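The structure under discussion appears below in the form of structure tokens.
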Amino acid sequence: MTNHEVEVWISSELDPGRGRWFEGPHAADYALSPQPNLALTSPAPSTATTIIVKPEHTYQQMLGIGTSLEETTIHNLAKMDKEQQAAIIQQLTDRESGIGFNLFRLTIGTSDFTAEPFYTYNDLEEGETDFEMKRFSIQKDIDLHIIPTVQQLLEAAPDTVFFASPWSPPAWMKTNGSLKRGSLKEGAEYTEALARYYRMAIQAYEQHGIPIYAMTLQNEPLLEIDYPSCHMTPARQKELAVALRREFEAHGMKTKLWIFDHNCIDAWDYISPILNDEEGRDVVDGLALHDYEGSLAIMSELHAAYPDKPIYLTERAVWGTAGADRMAQYFRNYASSYNAWVTMLDSRIGTHQWVGTPGPTMLVQDASEPDRYWRTPEYYLLGQYARFVRPGAFRVESTYGSEDTVTNVAFRNPDGDLVAVVINQTDEEQPFRVLCEGKQFMAVLPARAIGTYVWRS
């Protein structure tokens with residue numbers, strides 16, 4: 001690529017989110033398909049949709065884009081031979097032959113997407129307690145291939161960043177004595193015990209060579225449901241954050257604390273009591289959000305209210321060009337990251353213990369022939385972002401466009417290259433031009449397709 005050219009890659013949707021993807025592979029028209037370079041030229045009049053990019057107007061810095069390594073995915077990976085496991089890790093993390101994921105979500109103990117009985121790292125008989133964590137152990141994470149798989153990924157991609165989320169404290173700490181539903185028992189001794197438990201979990205992973213950059217305090221703290229879950233009020237989460245920060249500092253640990261980890265609709269009511277409290281604001285490093293309910297504009301409001309607390313979109317599954325546009329909106333509303341939830345189910349939609357029926361994942365394993373798998377278009381859709389938007393990139397100003405033509409989001413990478421991800425949700429090809437710093441390029445994006453455009457300013 002010269003200073004007068006634009007590199008282009010295109011992916012297209014095909015039956016987004018449909019169950020047929022569990023039946024077998026299908027070929028979309030474009031799958032991170034490179035296109036001929038476009039010319040950067042002097043500006044000229046055009047009737048095409050115009051996207052104006054202003055690189056001098058910068059917004060949030062990107063931590064990364066990635067997916068989850070919950071136990072369901074690892075259970076399916078463990079059925080494969082070593083060569084296939086290595087190939088999938090390469091396809092997820094490599095920027096040349098794969099899609100360049102650099103940010104992975106781990107679970108602290110069990111989640112709903114697991115093939116195993118629910119567990120934590122300190123499961124006791126009814127009536128027993130262990131406030132000093134003498135029986136703490138992450139051995140199940142070793143036995144279930146979680147630790148070895150994460151180590152294998154780190155060996156292949158040493159710059160990978162991990163964050164972790166718990167679904168439930170140990171049952172003996174909870175009001176109902178169960179990993180399902182309930183809440184943390186009242187009293188400082190339980191808050192301190194849980195902080196100790198999480199600190200030891202982070203340390204245990206670090207002892208296996210797996211650094212945890214950040215953790216959320218509780219996955220979906222406003223949800224009580226029939227899988228591991230725990231209702232946690234903002235006041236209790238603030239107490240836990242303070243106690244956990246104290247634990248980390250006492251042991252020289254740098255893991256960051258992200259609060260909330262739930263839907264936009266409840267974000268204001270949950271986050272503001274914590275961050276409007278001086279002690280809470282001092283110990284919190286970031287805000288984690290999910291996108292299952294509520295307006296994404298809430299993210300921009302939170303950024304305006306608490307500009308020193310980065311926002312992370314820690315869980316969502318999206319499909320097709322509508323999903324690609326949803327991702328653009330995350331970033332346009334100040335998300336510094338995006339993580340897909342669940343990387344690989346099998347063709348029987350297994351194995352998980354969620355209460356609903358999941359949509360197709362980016363990788364699907366043949367349940368009767370585990371070494372066989374196929375990619376859905378969402379693998380490539382995510383690659384349109386992750387392969388090209390580098391960690392440390394800044395989002396830059398660009399006019400959004402419209403759903404009737406094209407929409408977009410733009411970034412400047414650390415090396416100075418500019419990246420625009422452009423989405424066509426319509427049934428017709430869409431011509432458009434990009435105007436930037438005295439230059440322009442003209443492009444045509446096929447129907448129901450995502451294009452990534454990279455150029456040097």
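The values are calculated or read from the model by the stated rules, or taken from the named source; none is laboratory data. Fair warning: this is a prediction, and the values are worked out from it, not measured in the lab. Heads up, the Cβs are rebuilt from the backbone with ideal geometry, glycines too, and the neighbour counts pull from every protein chain shown.
May I ask you to list the residues in the stretch 309-338 that are outside any strand (DSSP E or B) and of a type in the set (A, V, I, L, M)?
Listed by number, the residues that qualify are Ala317, Val318, Ala322, Ala324, Met327, Ala328.
Please work out if Val409 is farther than 29 Å from Pro25 by Cα, aliphatic (A, V, I, L, M) and in contact (Cβ under 8 Å) with a residue 40 or more places away in the chain.
Working: farther than 29 Å from Pro25 by Cα: yes; aliphatic (A, V, I, L, M): yes; in contact (Cβ under 8 Å) with a residue 40 or more places away in the chain: yes.
Considered against the rule, which asks whether it is farther than 29 Å from Pro25 by Cα, aliphatic (A, V, I, L, M) and in contact (Cβ under 8 Å) with a residue 40 or more places away in the chain, Val409 comes out as yes.
Restricted to the stretch 122-145, and to residues that are under 29 Å from the mean Cα position of the chain (by Cα) and in a loop (DSSP other than H, G, I, E, B), which residue is surrounded by the fewest Cβ atoms within 10 Å (Cβ to Cβ)?
Quick first cut of the stretch 122-145, residues under 29 Å from the mean Cα position of the chain (by Cα) only: 122-123, 136-145.
Remaining after also requiring in a loop (DSSP other than H, G, I, E, B): 122-123, 136-138, 144-145.
Working: Asn122: 24, Asp123: 19, Phe136: 17, Ser137: 13, Ile138: 20, Leu144: 19, His145: 17.
Among residues in the stretch 122-145 that are under 29 Å from the mean Cα position of the chain (by Cα) and in a loop (DSSP other than H, G, I, E, B), the one surrounded by the fewest Cβ atoms within 10 Å (Cβ to Cβ) is Ser137.
I need the full set of residues from the stretch 263-317 which are under 23 Å from Glu249 (Cβ atoms), among the basic types (Lys, Arg) and touching a strand residue (DSSP E or B) at 6+ places or on another chain (Cβ under 8 Å), in order please.
The one that is under 23 Å from Glu249 (Cβ atoms), among the basic types (Lys, Arg) and touching a strand residue (DSSP E or B) at 6+ places or on another chain (Cβ under 8 Å): Lys309.
Taking the criterion of being assigned by TED's automatic domain parsing to the domain that holds Asp112, surrounded by fewer than 23 Cβ atoms within 10 Å (Cβ to Cβ) and of a type in the set (Ser, Thr, Tyr), would at least one residue in the stretch 307-325 satisfy it?
Within the stretch 307-325, not a single residue is assigned by TED's automatic domain parsing to the domain that holds Asp112, surrounded by fewer than 23 Cβ atoms within 10 Å (Cβ to Cβ) and of a type in the set (Ser, Thr, Tyr).
Where residues in the stretch 83-100 are assigned to a loop (DSSP other than H, G, I, E, B) and small (Gly, Ala, Ser), which of them is surrounded by the fewest Cβ atoms within 10 Å (Cβ to Cβ)? Can you show your working first?
First pass over the stretch 83-100, keeping only residues assigned to a loop (DSSP other than H, G, I, E, B): 94-100.
After this cut, where a residue has to be small (Gly, Ala, Ser) as well, the list is 97-98, 100.
On the way: Ser97: 10, Gly98: 21, Gly100: 23.
Step by step, filter the stretch 83-100, then rank; the result is Ser97.
Go through the stretch 280-309 and report how many residues are acidic (Asp, Glu), closer than 16 Å to Pro234 by Cα and in contact with a Leu (Cβ under 9 Å, 6 or more places away or on another chain).
Taking the stretch 280-309 as the starting set, the residues that turn out to be acidic (Asp, Glu) are 282, 285, 291, 293, 301, 308.
With the extra rule that they be closer than 16 Å to Pro234 by Cα, the set shrinks to 282, 285.
Still in the running and in contact with a Leu (Cβ under 9 Å, 6 or more places away or on another chain): 285.
Adding up the residues that qualify gives 1.
For the stretch 93-104, does any single residue satisfy the condition of being assigned by TED's automatic domain parsing to the domain that holds Ile138 and basic (Lys, Arg)? Before you say what the answer is, go through the steps one by one.
Looking only at the stretch 93-104, we keep the residues that are assigned by TED's automatic domain parsing to the domain that holds Ile138, and these are 93-104.
This time we only want the ones that are basic (Lys, Arg), so: 95.
Looking through the stretch 93-104, at least one residue is assigned by TED's automatic domain parsing to the domain that holds Ile138 and basic (Lys, Arg).
Within the stretch 31-65, how many residues are at negative phi, touching a helix residue (DSSP H, G or I) at 6+ places or on another chain (Cβ under 6 Å) and assigned to a loop (DSSP other than H, G, I, E, B)?
As a first pass, look at the stretch 31-65 and keep what is at negative phi: 31, 33-63, 65.
Going one step further and asking which of them are touching a helix residue (DSSP H, G or I) at 6+ places or on another chain (Cβ under 6 Å), we end up with 31, 65.
Applying the additional criterion that residues be assigned to a loop (DSSP other than H, G, I, E, B) yields 31.
Selection size over the stretch 31-65: 1.
Give the residue, chosen from Asn76, Asn37, that is within 17 Å of Trp341 (Cβ to Cβ), touching an Asp or Glu at 6+ places or on another chain (Cβ under 6 Å) and either without any contact (Cβ under 8 Å) to a residue 60 or more places away in the chain or not small (Gly, Ala, Ser) (or both).
Working: Asn37 fails: within 17 Å of Trp341 (Cβ to Cβ).
Asn76 is the lone residue from the list that is within 17 Å of Trp341 (Cβ to Cβ), touching an Asp or Glu at 6+ places or on another chain (Cβ under 6 Å) and either without any contact (Cβ under 8 Å) to a residue 60 or more places away in the chain or not small (Gly, Ala, Ser) (or both).
Conditions (1) closer than 17 Å to Leu345 by Cβ; (2) among the charged types (D, E, K, R); (3) crowded, with 18+ Cβ neighbours inside 10 Å, marked per residue:
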{"position": "Thr47", "(1), (2), (3)": "no, no, no"}
{"position": "Ile52", "(1), (2), (3)": "no, no, no"}
{"position": "Ser68", "(1), (2), (3)": "yes, no, yes"}
{"position": "Asn76", "(1), (2), (3)": "yes, no, yes"}
{"position": "Asp81", "(1), (2), (3)": "no, yes, no"}
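Filter the stretch 1-32 down to residues that are farther than 12 Å from Trp374 by Cβ and exposed (fewer than 15 other Cβ atoms within 10 Å of the Cβ) and give me whichever is modelled with the lowest pLDDT.
Met1
Could you tell me which of the residues Pro170, Pro158, Pro148 is buried (at least 20 other Cβ atoms within 10 Å of the Cβ) and at pLDDT 95 or above? Walk me through it before giving the result.
Numbers: Pro158 fails: buried (at least 20 other Cβ atoms within 10 Å of the Cβ); Pro148 fails: buried (at least 20 other Cβ atoms within 10 Å of the Cβ).
Going through Pro170, Pro158, Pro148 in turn, just one is buried (at least 20 other Cβ atoms within 10 Å of the Cβ) and at pLDDT 95 or above: Pro170.
How about the stretch 387-419: which of its residues are of a type in the set (Gly, Ala, Ser) and farther than 17 Å from Arg332 by Cβ? Steps first, please.
Taking the stretch 387-419 and keeping what is of a type in the set (Gly, Ala, Ser), we get 392-393, 398, 401-402, 410, 416.
Answer for the stretch 387-419, where residues must be of a type in the set (Gly, Ala, Ser) and farther than 17 Å from Arg332 by Cβ: Gly392, Gly416.
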